[in-house]
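Here's the structure, in structure tokens; my notes come after.
Read the figures in this text as sums done on the coordinates, not as results from a lab. What you see is a predicted model, and the numbers here were worked out from it, not measured in a lab. Cβ placement follows ideal geometry from the backbone for every residue including glycine, while neighbour counts extend to all protein chains displayed.
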């Protein structure tokens with residue numbers, strides 16, 4: 001099965017309750033050969049309406065970040081842990097994420113086989129790297145179970161606090177260096193929480209992401225799997 005065929009099948013999905021209130025399924029978009037795979041939590045209102053991920057103001061800033069390291073939207077793949085917008089922007093429930101990740105996200109990952117995963121927002125990060133805090137770990141690369149993760153703030157943060165624009169642009173330079181082979185990720189074993197907690201004892205890099213209602217994956221300005 002190709003990625004295009006998988007995404008077409010995903011658009012017909014009604015395997016969990018989320019489809020009942022969603023306008024449409026948003027499987028994700030981008031290159032089937034992407035080196036970078038961005039994974040948010042779930043579609044927001046704009047995504048639910050258009051069927052495309054990250055097409056609002058935060059998505060425009062993501063495009064700017066990509067441009068800063070010589071990439072465009074078509075070079076990457078961007079999706080969410082759940083492909084349907086949760087009602088009233090509530091957080092996806094565990095069973096909903098399990099159904100969606102096993103049915104669609106895991107097959108997407110296997111087909112694309114990216115070089116690095118980028119969780120977007122607090123909730124997505126905690127699914128990949130339990131115990132990690134974005135304010136302490138942003139700009140860091142970790143390898144866990146043979147997969148590489150890059151930690152960054154959700155682009156929507158910069159919409160609420162302009163000082164984060166420079167932070168995100170600077171962090172993206174590390175992502176470019178990794179793609180070019182200039183830096184290597186730090187390897188973590190299964191005790192992820194303990195290792196990350198030990199690393200951040202001396203102090204953090206900045207404040208935590210603002211907590212907002214609703215899922216962090218969409219592009220409505222809300223901020224918030226290891227396979």
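In percent, rounded to a whole number, the relative contact order of region 118-193 is 35, using alpha-carbon pairs under 8 Å and six or more apart.
With distances taken between every two different alpha-carbon atoms, region 1-59 has a Kirkwood hydrodynamic radius of 12.5 Å.
With neighbour counts taken as other beta-carbon atoms within 10 Å, the residues 66, 105 rank, fewest first, as 66, 105. Ratio of Rg to Rh for region 1-159: 0.93 [Cα atoms; Kirkwood radius as inverse mean 1/r over pairs]. Taking all Cα pairs closer than 8 Å and separated by 6 or more residues, the relative contact order of region 1-135 comes to 35 percent. DSSP bridge analysis restricted to region 101-190 gives an antiparallel fraction near 45%, rounded to the nearest 5. Relative contact order for region 57-201: 25 percent, from Cα pairs under 8 Å spaced at least 6 residues apart, divided by residue count.
Put simply, when 92-99, 34-41, 138-145, 53-60 are sorted by average Cβ atoms within 10 angstrom per residue, most first, you get 34-41, 53-60, 138-145, 92-99. Counting neighbouring beta carbons within 10 Å and listing from fewest to most, the residues 134, 76 come out as 76, 134.
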